[in-house]
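Take a look at the structure below.
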Amino acid sequence: MPQNHDLRGRIAGQSAMAAVVEAQSRRAPRGTVARLFGVSPLTKQSRAQYRGAVGELLVGSILDRLGHSWDVLHGVPLGDTSLDHFAVGRAGVFAVTVVNCQGDDVAVNGDELIVARSVSTAIVTARTAARAVAAALTTALGRDVDVIAVLVMVEPVKVSMLAIPADVQILTSMQLEQWLASAPALFTGDEVATLSTAAEASTTWPHPQQAAQKSRNLTRAFVRIHDDVRTASLRSFFWIVTALIVTFLSVWVLVSVLTELVVTS
């Protein structure tokens, strides 16, 4: 099978990072006052994409350290969409979809993923992606290939499992590595190699998407944006703390003055 070097060279979160970089390239530079007071450099359009990219990067780093017995691909093209992460090892074939839930309470109720009281379709998306991956690999290899749908929630504050879907494995990012490492072996090394070769073949996936930018240039551009976001957050936090301290001191001085007036009167 012809090898898809573009797919093998893709990095975790590449599509989301490219969208963030593209959106930010159209934004006018922040003024001095906005920078000083920590106004976020992100546009309204790019905030969700930025959050998604950060989540995919974290999960990608977890998958990449599974070891040599696993093969991992990122941003696998599925036509108009892409799969966040593909992993194959002796434990099976996994289609991994990521939702960044940092700082949010999450509830799972059947096909509904409720993040910070907003209903997400991520569970349905994870199931659909796994079926698309299974269909593509089945066609490529000429035999049925089972693919496990995995939805990874990145660093939620609290998870309430109200009703668990039977065909989608739902994990937090803290659980992912141990769950994969402890899964029982289903394939031999040769079978893993065959599946890996099929997964990176250019003919396996529908309408392969070309990378928007070279991964190295894209990473540099995204890191610059990430640094700006982090700096803005720190400055914003500084001013909030400063405002609280000033408010406290103002109240303390006012109370002291009033107390002194009462005593002297």
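Please report the net charge: other residues with Cβ closer than 12 Å to the Cβ of V106, K and R +1, D and E -1.
Residues close to V106 contribute a combined charge of -2.
Quick check on the chain: of the DSSP beta bridges with both residues there, what percent are antiparallel, nearest 5%?
Roughly 55 percent of the DSSP beta bridges within the chain come out antiparallel.
Pulled fully out, how much extra length does the chain show between I245 and K44, if you take 0.36 nm times their separation in residues and subtract their Cα-Cα distance?
Gain in length upon complete extension: 69.3 nm.
Arrange the following residues from fewest to most other Cβ atoms within 10 Å of their Cβ: F94, F187.
F187, F94
Between S118 and S182, what is the FRET efficiency for a Förster distance of 51 Å, r being their Cβ-Cβ separation, to the nearest 0.05?
Approximately 0.95, to the nearest 0.05.
Dipole of the chain (Lys/Arg Cβ +1, Asp/Glu Cβ -1, origin at the Cα centre): which of I11, V119, I245 lies farthest to the positive side?
The residue sitting farthest along the positive end of the dipole is I245.
Name the helices (complete DSSP H segments) of the chain with a Cα length along the long axis of 24 Å or more and a Kyte-Doolittle mean of at least -0.5, or state none.
Correct list, ordered by number: 44-64, 122-141, 215-264.
Could you derive backbone 3J(HN,Hα) for the range 85-94 from the dihedral phi with the Karplus parameters 6.51, -1.76 and 1.60 (θ = phi - 60°), listing whole Hz in sequence and x where the residue is Gly or Pro?
With coefficients 6.51, -1.76 and 1.60, one gets 8, 10, 9, 9, x, 4, 7, x, 10, 10 Hz.
Specify which residue in the list L261, A134, V108 is farthest towards the positive end of the charge dipole of the range 5-264, using unit charges on the beta carbon of Lys, Arg (+1) and Asp, Glu (-1), about the Cα centre.
Final value for the positive-end residue is L261.
Based on the Kirkwood radius over alpha-carbon pairs, what value in µm²/s does the Stokes-Einstein equation return for the translational diffusion coefficient of the range 68-221 at 20 °C and 1.002 mPa s?
The calculation lands on 130 µm²/s.
What does the charge dipole of the chain about its Cα centre add up to, to the nearest 20 debye, if the Cβ of each Lys and Arg holds +1 and the Cβ of each Asp and Glu holds -1?
Using Cβ point charges on Lys, Arg, Asp and Glu, the chain gives about 1060 debye.
Per residue and in Å³, how big is the convex hull formed by the alpha-carbon atoms of the chain?
Residue-normalised Cα hull volume stands at 166 Å³.
What residue among V99, V59, L218 has its Cα farthest toward the positive end of the dipole of the chain, where the charges are +1 on Lys, Arg and -1 on Asp, Glu, each on the Cβ?
Toward the positive end, the furthest listed residue is L218.
Below 10 angstrom from the Cβ of A232, what's the summed charge of the other residues (Lys, Arg +1; Asp, Glu -1)?
+2
Once you've got the GNM for the chain with C-alpha springs shorter than 10 Å, pick whichever of V159, V93, V21 has the biggest mean-square fluctuation.
Largest GNM mean-square fluctuation: V159.
Values in this text are rule-based calculations from the coordinates and carry no lab data. Small disclaimer: the values here were computed from a predicted structure and weren't measured. Every residue, glycine among them, receives a Cβ derived from its backbone with ideal geometry; neighbour counts consider all protein chains shown.
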